[in-house]
There are 4 protein chains.
Amino acid sequence: MTAQRSATPDPARRREASRRAILTAAFDLLQEVGYAKLSIEGIAARAGVGKQTIYRWWPSKGTVIFDAFLMLSEGAAGEPPTLPDTGDLAADLRAVLRATVVEMNDPRYDQPMRALATEIAHDPELAAAYVERLDGPLKEAKRERLRSAQRVGQLAEDLDLDVAVEMIWGPVLNRWLQRTGPLTAEYTDRVVTTALDGLRPRPSGR
Amino acid sequence: MTAQRSATPDPARRREASRRAILTAAFDLLQEVGYAKLSIEGIAARAGVGKQTIYRWWPSKGTVIFDAFLMLSEGAAGEPPTLPDTGDLAADLRAVLRATVVEMNDPRYDQPMRALATEIAHDPELAAAYVERLDGPLKEAKRERLRSAQRVGQLAEDLDLDVAVEMIWGPVLNRWLQRTGPLTAEYTDRVVTTALDGLRPRPSGR
Amino acid sequence: MTAQRSATPDPARRREASRRAILTAAFDLLQEVGYAKLSIEGIAARAGVGKQTIYRWWPSKGTVIFDAFLMLSEGAAGEPPTLPDTGDLAADLRAVLRATVVEMNDPRYDQPMRALATEIAHDPELAAAYVERLDGPLKEAKRERLRSAQRVGQLAEDLDLDVAVEMIWGPVLNRWLQRTGPLTAEYTDRVVTTALDGLRPRPSGR
Amino acid sequence: MTAQRSATPDPARRREASRRAILTAAFDLLQEVGYAKLSIEGIAARAGVGKQTIYRWWPSKGTVIFDAFLMLSEGAAGEPPTLPDTGDLAADLRAVLRATVVEMNDPRYDQPMRALATEIAHDPELAAAYVERLDGPLKEAKRERLRSAQRVGQLAEDLDLDVAVEMIWGPVLNRWLQRTGPLTAEYTDRVVTTALDGLRPRPSGR
DNA sequence: ACGTAACCGAGACGGTACGTCGGGTCTTGAC
DNA sequence: GTCAAGACCCGACGTACCGTCTCGGTTACGT
């Protein structure tokens, strides 16, 4: 349930209220003061908690942020996530990507997500936890949607689903994280179309 | 030539030797101690320079790193970069991406590039400078290679080149920055193939 | 026991070892490098203490110096000081003043005492603490010696003891602090004689 | 005319206007911001002068302050100072001391004089210059007044004039610099009386 | 039911780095 | 060659946090 890596004290005696207060405080501060000014000291103060309680249970600031996201994502739903499946893959992908960029353009989520993304970029162990617990389930849902499309002949049979997923979401993630271009619905639609069709000329129509 | 943003002192009186020493020290330290332990104090000490000289000319640690990259990229060549063009687009892309992941797997470049990438992620103004001065020329070279392929009928005539470029390099960049998967030649080859062909089934053989 | 003036943290949690190390380091450095080169940073380093520990408990460099003197003066004796009383006031005063100028001519004490004196000169609050805790007891001892002489008829009955004390020690202190003349035993003897006799001609002998 | 100690550039080419501007700025700043916040940089800025111009002609901040005083004292009068001589020594001393404490209680003079006094306390060379050029003439005037009183039998014939002067002004100076007591006219009157009469009982009436 | 051992809040501590101020030196261009 | 201007190297300032370390107090087991 957490990102802890090494030996920690008896989890049975852990105070759940403090844990939640810390994660909530961390996420809230991330929104309010931004990543650069986020400090353990600040989190402890906001959570009404001693600093040691944070150091006792988390090895780094990044893991606290990670767990904060974990708490949120699991609080939202106990079940694994799924992508909409109306039978029309292109339409479904367009809808999902549009929703994604709306979130990315919302400063309420933008700041914390950037914080998590850059912590991951600098911490391999955290990245592993991210891949397993946060990104993994979501990516599986994406693959599953593509698999479903494969079954009805909308995607090539021999398609590499991992690469396919990265080809759809990668450009969007990159634009967001590196700010290399505007994130609009028009843009994500183009990404979907181009990914589905490929770069090469198509022999027949469509 | 630099990432400065607001009013700065008279650049005519600036000492060029100090500027170069600072940027070199910054890049070297980035490789040696890593981003997390990179400090203005450390850069100044290594460069044999007063801290004030750094604060006088750069508004943030990120802009120093950025300028360090700028100095390197401009020191390497005065002309804009170009991608190889053998006439075989797929082969050329495979070669370029393979070279890219080799660099990404080299800790000598990995650390500093991550530092730049995450600084950009947190600083919109720096991102704008990055897009204009570092990423821009490179991206133009990529577009140009695709344009060349378009001319010889290897790519669709109505292809959106920006999206196309992002679809090829985006997945690789993401895997690298977020560590969501291994960066191998085999992987980049698959990316090239999948991007060129698209996700949908192709009517006839390839 | 200290020169603190405004609200400070819980003194119960204060580490006595650090307090002593700081005051000792301050006094030692005062002797070694002199007042002009005395820095909080230097004191902290010498004491093996974080700077914040000094800033936490003392509002200024002057109060640190003051407390260093306080520690020394209280370490020397728990009881209030007394002046020698052989029954011969003139002789006693001569002896005391001679001892005083010996100390003033000893660089071991000269430097730190000058530091304290000039800090006091620029800081009224510190001066008040000085008057109450360091100078006060000593001055009372001086007054007491004069009172004793008064009782045996060696001093005028209506003598203003405060002024009398200042008239004996003031000239010496001034010569020392302002370096307006040499500090010799011969000089202090003259001061004692002149003060006792006054400036006016004496009607009868002596 | 100045407190310079070591070799300096050709004084013939010196710009008098800058010299005066610096000394005036120094004195004014001393009054306005106080000794602790007085900086060479501040003086240069206020005087509209380059820092180098100060460093070229004065070896230390103290000597600047000293010269500022020198300029003022010589601007006031070209002739050596004299003390009033009405024939009544006690009355004259009372008047002079009263005027002195009025000045000492005036913050307009208090701050700069403290600055000078403490600079002198820490700089023997400066002290020598002070004794020779500022304190010397004044002390001679004081001695002269006492000599005059001696001539008319108001003071002992064998009186040590140096000690006598210090016994009258020393207590006042000390009270001022160390803030060991209030500086009132009543106090200075007592000092005069006690100094003239001495501490010992007088055989007959006064 | 009652120690006693752990967690907990609080926060002092030794440190590192921050961003700023000013010291004293050096360079530039105007006079 | 002096001067105004100001960049430069350097050292110290006072502050913010780091991660570690006590210090009571309050749980919550294990006997």
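The values are calculated or read from the model by the stated rules, or taken from the named source; none is laboratory data. Computed from a predicted structure; not experimentally measured. In this analysis, Cβ positions are derived from the backbone assuming ideal geometry, glycine residues included, and neighbour counts consider all displayed protein chains.
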Revision key, fill the gap. Scanning segment D:11-48 for residues that are among the hydroxyl-bearing types (Ser, Thr, Tyr) and in a helix (DSSP H, G or I) gives D:Ser18, D:Thr24
**Study point:** Count of segment C:24-36 residues which are at pLDDT 95 or above and within 13 Å of DNA strand E (Cβ to nearest atom)
**Key:** 2
Review point. Residue check: is A:Met104 of a type in the set (A, V, I, L, M, F, W, C) and in the same structural domain as A:Gln150 (by TED's automatic domain parsing)?
Key: yes
Practice item. For D:Val64, work out the one condition from (1) within 12 Å of another protein chain (Cβ to nearest Cβ); (2) within 15 Å of DNA strand F (Cβ to nearest atom); (3) buried (at least 16 other Cβ atoms within 10 Å of the Cβ) it doesn't fulfil. Key: (1)
Study note, to complete from the structure: Residue pairs within 6 Å by beta carbon, gap of at least six or interchain, first lying in segment A:23-45 and more than 14 Å from every other protein chain (Cβ to nearest Cβ), second more than 13 Å from DNA strand E (Cβ to nearest atom) and assigned to a loop (DSSP other than H, G, I, E, B), listed first then second, are A:Leu29/A:Leu38
Practice item. Answer yes if at least one residue in segment D:176-196 is in a helix (DSSP H, G or I), farther than 23 Å from D:Glu79 by Cα, in the same structural domain as D:Met113 (by TED's automatic domain parsing) and touching a Pro at 6+ places or on another chain (Cβ under 6 Å), and no otherwise. Key: yes
Review point. Is it fair to say B:Gly62 is in contact (Cβ under 8 Å) with a residue 60 or more places away in the chain, within 16 Å of DNA strand E (Cβ to nearest atom) and of a type outside the set (S, T, N, Q)?
Key: yes
Check your understanding: What is the number of the single condition among (1) under 18 Å from A:Ile120 (Cα atoms); (2) of a type in the set (D, E, K, R); (3) modelled with pLDDT of 95 or more; (4) surrounded by fewer than 20 Cβ atoms within 10 Å (Cβ to Cβ) that B:Arg175 does not meet?
Key -> (4)
Review point. Exactly one of (1) touching a Phe, Trp or Tyr at 6+ places or on another chain (Cβ under 7 Å); (2) exposed (fewer than 14 other Cβ atoms within 10 Å of the Cβ) is unmet by C:Glu79. Its number?
Key: (1)
Exercise for review: Evaluate the following for D:Gly181: is it within 11 Å of chain C (Cβ to nearest Cβ), under 30 Å from C:Leu126 (Cβ atoms) and surrounded by fewer than 21 Cβ atoms within 10 Å (Cβ to Cβ)?
Suggested key: yes
Check your understanding: Which of the residues belonging to segment D:184-206 are more than 9 Å from chain C (Cβ to nearest Cβ) and crowded, with 20+ Cβ neighbours inside 10 Å?
Key -> D:Thr188, D:Val192
Study note, to complete from the structure: Checked against (1) of a type in the set (A, V, I, L, M, F, W, C); (2) more than 7 Å from chain D (Cβ to nearest Cβ); (3) touching a Pro at 6+ places or on another chain (Cβ under 8 Å), C:Leu155 satisfies every condition except (2)
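If you go through segment B:5-14 one residue at a time, do you hit one that is under 22 Å from B:Ala121 (Cα atoms) and more than 11 Å from DNA strand F (Cβ to nearest atom)?
yes
Mind checking whether some residue in segment C:139-146 is within 11 Å of chain D (Cβ to nearest Cβ), part of a helix (DSSP H, G or I) and either among the aromatic types (Phe, Trp, Tyr) or under 22 Å from D:Leu177 (Cβ atoms) (or both)?
Looking through segment C:139-146, at least one residue is within 11 Å of chain D (Cβ to nearest Cβ), part of a helix (DSSP H, G or I) and either among the aromatic types (Phe, Trp, Tyr) or under 22 Å from D:Leu177 (Cβ atoms) (or both).
Out of A:Leu161, A:Leu173, I need the residue that is at the interface with another protein chain (Cβ under 9 Å from one of its Cβ atoms) and in contact with a helix residue (DSSP H, G or I) (Cβ under 7 Å, 6 or more places away or on another chain). Which one? Talk me through it step by step, then tell me what you get.
Working: A:Leu161 fails: at the interface with another protein chain (Cβ under 9 Å from one of its Cβ atoms).
One residue alone meets the criteria, A:Leu173.
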Review point. Just for segment C:34-56: of the residues that are more than 9 Å from DNA strand F (Cβ to nearest atom) and surrounded by fewer than 12 Cβ atoms within 10 Å (Cβ to Cβ), which one is farthest from the chain's Cα centre (by Cα)?
Key: C:Gly48
